[in-house]
Each structure stands twice: as C-alpha cells, then as structure tokens.
Amino acid sequence: VVADGSGQRLTAFGGVDGTVQVVDAAGKLRFLLHTGDRVTGLLGRDLDGDGREELLVASANNSLYAVNPDGAIRWRVPLGDTPGPILLQDEPGRPLRLLTVDDSGTLYSLSADGTLLGRWSLGQAPRAAVLVTEGGRSRLVTTQPGAGLRAWPLA
C-alpha cells in the first residue's frame, strides 16, 4: 500500500510476469510498471520527506527500483543477482537505508536516493531475512541452509 500524497491509498501487486499494477481504492488502475522479469519484492515508503510514498520494487531482472506515485521511475539500481525482499534500516538520528539480499548471498545497502553504500557476502542466499533493531542498533537476522540462524550487525 502506497500513499500518493493526496490522502488516497494505492495498492500495488507484483506478478511473475514482471508487471507491477497499482490501483486506487476503487480498483481503478493508476499505472503499470514492466520490469521484464518476476517481481520479488514490493514496499511503500516516503523516501524524500514530501509526504508521498515511493514504491520500492525488487525484480528478478537483477534490479531494485524506486517508483514515484505517478508511475515514473525515480531510480533503478542493477544488482549482481535476483534481489529478495526489501528491508528498511530506519534508526533514530541516522539516514534511512534500504537493504536487500540477492540470490548469490550478497547483502546490498542503498541510500534513499539509490546510491549503493556497500555490499557484503553472506556466503549464501538466506531462506529468510529480517531486520531487528534493539537499543538503536540494527542486525540482519537470517536463516541459511546448513548454517541455521545467523545475526549480522549493521553499522
């Protein structure tokens, strides 16, 4: 669900055909985005403080997108492999960071404007990943085949 800034909530659906469909509360199509491969993650978040939520899209075309509420692509970042779900590292007094782990097991950290801040190998792709914040500091907690549950501190 994404807020378009006018108070209207929009709902986004990602498909295995690589299409993202965004509809309003009445079910009217607001825009389509064609990524070219299956959609692996969707998340709405105001990235620039303007009151309108951008749509973050992860695609099996090895890319992460930020899309404005009108459907215009704000940025696209190519990654090394298919990205998984998009996580937000939002700690008090620190800039927002976007995180995703791709199918090769690489963790990517990006700023809200799409700048790649860093990438690190986790050794293998996790089956699941969550962000846990405690005491103002975040850790990426993953389940990995053969390694079980692992916690990765994030700077």
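The values are calculated or read from the model by the stated rules, or taken from the named source; none is laboratory data. Here the structure is a predicted model, which means the values were calculated and not measured. Ideal geometry is used to build each Cβ from the backbone, glycine not excepted, and the neighbour counts take in all protein chains shown. The area values use the complete protein model at the heavy-atom level, side chains included, leaving out ligands, DNA and RNA. Shrake-Rupley method; radii C 1.70, N 1.55, O 1.52, S 1.80 Å.
Sort out which residues of region 75-112 are modelled with pLDDT under 95 and among the basic types (Lys, Arg), and write them in order of number.
Answer for region 75-112, where residues must be modelled with pLDDT under 95 and among the basic types (Lys, Arg): Arg94, Arg97.
Step by step: first the residues of region 113-126, then only those that are assigned to a loop (DSSP other than H, G, I, E, B), of a type outside the set (D, E, K, R) and modelled with pLDDT of 95 or more, then the one that is least open to solvent (accessible area, probe 1.4 Å). Which residue is that? Walk me through it before giving the result.
Within region 113-126, the first condition is being assigned to a loop (DSSP other than H, G, I, E, B), and the residues that meet it are 113-115, 122-126.
Going one step further and asking which of them are of a type outside the set (D, E, K, R), we end up with 114-115, 122-126.
Next cut, modelled with pLDDT of 95 or more only: 114-115.
Details: Gly114: 12, Thr115: 68 Å².
Per the criteria, the residue is Gly114.
Tally up the residues in region 127-154 that are within 25 Å of Tyr65 (Cβ to Cβ) and assigned to a loop (DSSP other than H, G, I, E, B), please.
The number of residues fulfilling the criteria is 2.
Residue-wise test of (1) surrounded by 17 or more Cβ atoms within 10 Å (Cβ to Cβ); (2) in contact with a Phe, Trp or Tyr (Cβ under 8 Å, 6 or more places away or on another chain); (3) over 15 Å from Arg119 (Cβ atoms); (4) not charged (D, E, K, R).
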position	(1), (2), (3), (4)
Asp50	no, no, yes, no
Trp75	no, yes, yes, yes
Gly84	yes, no, no, yes
Leu88	no, no, yes, yes
Thr100	yes, yes, no, yes
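Can we say Leu79 is out of contact with any helix residue (DSSP H, G or I) (no Cβ under 6 Å at 6 or more places or on another chain), touching a residue at least 24 places away in the same chain (Cβ under 8 Å) and closer than 18 Å to Ser63 by Cα?
Spelling it out, Leu79 is indeed out of contact with any helix residue (DSSP H, G or I) (no Cβ under 6 Å at 6 or more places or on another chain), touching a residue at least 24 places away in the same chain (Cβ under 8 Å) and closer than 18 Å to Ser63 by Cα.
Quick one: is Val23 of a type in the set (Val, Ile, Thr) and loosely packed, with under 15 Cβ neighbours inside 10 Å?
yes
Starting from region 1-19, take each residue that is at negative phi and assigned to a loop (DSSP other than H, G, I, E, B) and list its partners that are surrounded by fewer than 12 Cβ atoms within 10 Å (Cβ to Cβ) and modelled with pLDDT under 90, counting only C-beta distances under 7 angstrom and pairs at least six apart or across chains.
Gln8/Ala25
Cβ contacts < 9 Å: first residue over 27 Å from Asn61 (Cα atoms) and among the small types (Gly, Ala, Ser), restricted to region 24-39; second residue crowded, with 17+ Cβ neighbours inside 10 Å and at pLDDT below 95, any location; separation 6+ or different chain. Result?
Ala25/Leu10
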